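The values are calculated or read from the model by the stated rules, or taken from the named source; none is laboratory data. None of these values were measured; they are calculated from a predicted model. Cβ coordinates were reconstructed from backbone atoms using ideal geometry, including for glycine residues, and neighbour counts include every protein chain displayed.
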Amino acid sequence: MLSELTLRELETAPEGVRLVLGQVPADHIDALALSPEAKELAAGYIAEGAVGERMRADTLHIALATVARVDVLVSWNFKHICESEANPRVQRRQPQEGLPDSRDPNSTGGSRR
């Protein structure tokens, strides 16, 4: 999965970073559009204080992956979220939105990936 948001961010990334994506065969990339559901979930993370307003783009990445039910989110710069108090707050928000609880492997909702 590769989100529309990631593609936008890559437009201003250093050339070396953009070239990495060029090495991935196009038939191995599933595009993920920025959906209203993901925007709403991201806004909920921020409203609940799980993630700060200044991390809105990061929050959108997390929300997109959550809504798409992606099992693993790979990032070069999410350490500040993964190792902070935000992680449990983000995870708690998912069942409130009718999404599977990432902390529970038996949670309903399934996975797209």
- Do you know which residues across segment 10-39 are surrounded by fewer than 13 Cβ atoms within 10 Å (Cβ to Cβ) and in a helix (DSSP H, G or I)? Glu15, Gly16, Val17, Arg18, Leu19, Val20, Gly22, Ala26, Asp27, His28, Pro36
- When you go through (1) surrounded by 12 or more Cβ atoms within 10 Å (Cβ to Cβ); (2) modelled with pLDDT of 90 or more; (3) not hydrophobic (A, V, I, L, M, F, W, C) one by one for Ser3, which number turns out not to apply? (2)
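Considering segment 45-55 alone, what residues qualify as being among the β-branched types (Val, Ile, Thr) and either free of Cβ contacts under 8 Å to residues at least 24 places away in the same chain or part of a helix (DSSP H, G or I) (or both)?
Our first condition is that a residue be among the β-branched types (Val, Ile, Thr); within segment 45-55, this holds for 46, 51.
Across segment 45-55, the qualifying residue is only Ile46.
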- Message: If I filter segment 56-66 for residues that are in a helix (DSSP H, G or I), in contact with a Gly (Cβ under 9 Å, 6 or more places away or on another chain) and at pLDDT below 65, do I get at least one hit?
- Response: no
